[in-house]
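Chemist: There's a structure below that I have some questions on.
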Amino acid sequence: MANHPIETLMRTAMESIKDMVDVNTIVGDPVETPDGSVIMPVSRVSCGFAAGGADYQPDGGRKDEGALPFGGGSGGGVSVRPVGFLVVGQNQVRLLPVDGNPIAERLIDLAPSLLERLQVMMQQKQEKEEKPAEPSTG
């Protein structure tokens, strides 16, 4: 039995979508900056696909005259939306979002170094308190 025409419609639409979307659509080509950092764009990709059709009998035709004519169609679409930029450099990896609160994102980025500084300060204070006071000569 030969392939039904709807199969050809679906195959063509799916191959077209496959050609439009690849891994470089989601994570773009890296770009190196003068300071040695590498920046890669990151996107969200959504795909949609639909196909339909029917065999029909022409007016006045008889069903037993052979294969019925086919009418159908298919379509698809792709949406690409930028999400952010992945920045690799200076011994760290950061995601810079396109949307969002830049102040909150910056605070999250600074949190590890802030905690480290607080630990050092607490350690210095504790060492100072544990150190015996020097006797005064007078």
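Derivation of every value follows stated rules applied to the coordinates shown; laboratory data play no part. Just so it is clear, the structure is predicted and the values come from calculations on it, not from any experiment. With ideal geometry, Cβ positions are generated from the backbone for all residues, glycine too; neighbour counts draw on all protein chains shown.
Chemist: To check my understanding: the extent here is largest minus smallest coordinate of the Cα atoms along each principal axis. What are those three numbers for the chain, in Å, largest first?
Modeler: Sorted largest first, the three principal extents are 126, 32, 28 Å.
Chemist: Continuing with the same structure: Out of 24, 91, 36, whose Cα points farthest toward the positive end of the dipole of the chain (charges: +1 Lys, Arg; -1 Asp, Glu; placed on Cβ)?
Modeler: 91
Chemist: Multiply the residue separation of residue 90 and residue 7 by 0.36 nm, subtract the distance between their alpha-carbon atoms, and state the gained length in nm to one decimal.
Modeler: Details: separation 83, 0.36 × 83 = 29.88 nm, distance 5.23 nm.
Here the answer is 24.7 nm.
Chemist: For the residue pair residue 16 and residue 29, what label-to-label distance in nm results when each label sits 7 Å from Cα along the Cα-to-beta-carbon direction?
Modeler: With each label placed 7 Å out from Cα toward Cβ, I get 2.6 nm.
Chemist: With label points built 7 Å along Cα→Cβ from the Cα atoms of residue 99 and residue 80, find their separation and express it in nm.
Modeler: Simple spin-label model gives 1.9 nm for this pair.
Chemist: So what's the angle, to the nearest 10 degrees on a 0 to 90 scale, between helix 5-20 and the longest Cα principal axis of the chain?
Modeler: Long axis of 5-20 versus the principal axis of the chain: about 30 degrees.
Chemist: Using Cα atoms only, what is the angle between the long axis of helix 102-130 and the major principal axis of the chain, expressed in degrees (0 to 90) to the nearest 10?
Modeler: Roughly 30 degrees between the two axes.
Chemist: Placing +1 at every Lys and Arg Cβ and -1 at every Asp and Glu Cβ, with all other atoms neutral, what dipole size does the chain have around its Cα centre, in debye to the nearest 20? Each step should come with its number before you reach the end.
Modeler: Details: 12 positive and 19 negative charges, 56 e Å.
Roughly 260 debye, rounded to the nearest 20.
Chemist: Counting Lys +1, Arg +1, Asp -1, Glu -1, what net charge surrounds residue 3 among other residues with beta carbon under 15 Å of its beta carbon?
Modeler: Values: positive: 11; negative: 7, 15, 55.
Once positives and negatives cancel, what remains is -2.
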